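Data first, discussion second: the structure below is written as structure tokens.
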Amino acid sequence: MLDLQRLRALHAVSVHGTVGAAAAALGYTPSAVSQQIAKLERETRTTLLEREGRGVRLTDEARQLAATAQELMAIVERAETDLEERRGVPAGRLTVAAFPSAARGLMPGVLADLARRHHTLDARLTEIDPHLSVDLVAKGAVDLAVVHDWDIAPLPAPAGVEQAVIGDDLCDLLVPEGHPFAGRTAVRRAELGGERWICQPPGRVCHDWLLRTLRAAGHEPEVVHQADENPTLVALVAAGLGVALIPRLGRGPLPAGVVEVALDPMPVRRLYALWRTGAARRPAIAETVRTLQERWSGAAAHTPR
């Protein structure tokens, strides 16, 4: 009989693409995942992973087995949901994915609240880009994801995935001290031409939003510096190297040399919780969504003024 944990390890590799990423998502070490796959290969008498450069590639047999594993995991999820619903209390393991600034500015308080209120609930966090986490929810790799989209760049949820609004995160223009905008109360988008921009790399939601917004205002943005983390972007602004649009969530106090200016109209990104339709009856899902909304409405972390 095939072992479900070994199938889960194979499914994680198929979803995340590498043994290391699968291990991080499962909370294991890479060697532990490799051992699970090796045991599954012996049990099935089938080669499942082949070396490809520095990574691995799933064989055709492995892809078929991973698809079957996803079906089995969905059946197990329904069984666990039925039991948890009958008990009426949040319980079991709940894997949560969140984008970096939510993982820093929102999730610590949410996880602490859940741990204090529900001792039988084991909520575990993984930091993942929102574009990736939507697919991970749909495929059953994580139970719930905290994602965001922008006013002109909506993030679609696939079929079989439900969502609830957590709240709106405002975004400010950050400029160095001495910049012509530094003494202004607000700046219109039409005035942003000719600036040297600091933002996240291409493919990130914030980067795409910046390009779309400035082009809609008739400007081709000159992106001079790129970095993944918002604190790095803020540090580059503080050094006088350009301007940036930074959301408030998880930003923290601004360092000396950085001035916050309102943009008119002010950019807004909306935060959502996503989960699979099949898990909607889980008390753990309902309680986590409620706690996310409660923390958002009551916390000052996303308004650092």
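Selection of strands (runs of 3 or more DSSP E) fully inside segment 124-188 by the criterion of at least 3 residues being closer than 25 Å to Asp228 by Cβ returns 144-150, 161-176. Residues in segment 55-64 that are part of a helix (DSSP H, G or I) and in contact (Cβ under 8 Å) with a residue 40 or more places away in the chain were compared, and the one that is most open to solvent (accessible area, probe 1.4 Å) is Arg63.
Contact map, segment 174-193: residues that are under 15 Å from Glu260 (Cβ atoms) and without any contact (Cβ under 8 Å) to a residue 12 or more places away in the chain paired with residues that are open to solvent by 50 Å² or more (accessible area, probe 1.4 Å) and part of a loop (DSSP other than H, G, I, E, B), Cβ distance under 8 Å, separation 6+ or inter-chain. No pairs are found. Out of segment 89-111, which residues are open to solvent by less than 50 Å² (accessible area, probe 1.4 Å) and over 22 Å from Ala141 (Cα atoms)? Listed by number, the residues that qualify are Gly105, Gly109.
The C-beta contact set for segment 284-305 (first residue closer than 21 Å to Gln163 by Cα and of a type outside the set (Gly, Ala, Ser), second residue at pLDDT below 90 and not in a loop (DSSP other than H, G, I, E, B), distance under 7 angstrom, 6+ apart or interchain) comprises Ile285/Ala279.
Scanning segment 65-93 for residues that are over 21 Å from Leu26 (Cβ atoms) and part of a helix (DSSP H, G or I) turns up Asp82, Leu83, Glu85, Arg86, Arg87. Of the residues making up segment 123-137, those that are open to solvent by 10 Å² or more (accessible area, probe 1.4 Å) and either of a type in the set (S, T, N, Q) or modelled with pLDDT under 85 (or both) are Thr126, Asp129, His131, Leu132, Asp135.
Filtered by the rule that a residue be in a loop (DSSP other than H, G, I, E, B) and more than 17 Å from His119 (Cα to Cα), segment 264-299 gives Pro265, Met266, Pro267, Ala280, Arg281, Ala299. Of the candidates Thr81, Thr29, the single residue that is at pLDDT 85 or above and polar (S, T, N, Q) is Thr29. Scanning segment 258-271 turns up at least one residue that is under 30 Å from Gly88 (Cβ atoms) and either touching a helix residue (DSSP H, G or I) at 6+ places or on another chain (Cβ under 6 Å) or open to solvent by less than 20 Å² (accessible area, probe 1.4 Å) (or both).
The values are calculated or read from the model by the stated rules, or taken from the named source; none is laboratory data. Since this is a predicted model, take the numbers as computed values, not measurements. Positions of Cβ are backbone-derived with ideal geometry, glycine not excepted, and every protein chain shown enters the neighbour counts. Quick note on the areas: whole protein, heavy atoms, side chains included, nothing else; ligands and nucleic acids left out. Shrake-Rupley method; radii C 1.70, N 1.55, O 1.52, S 1.80 Å.
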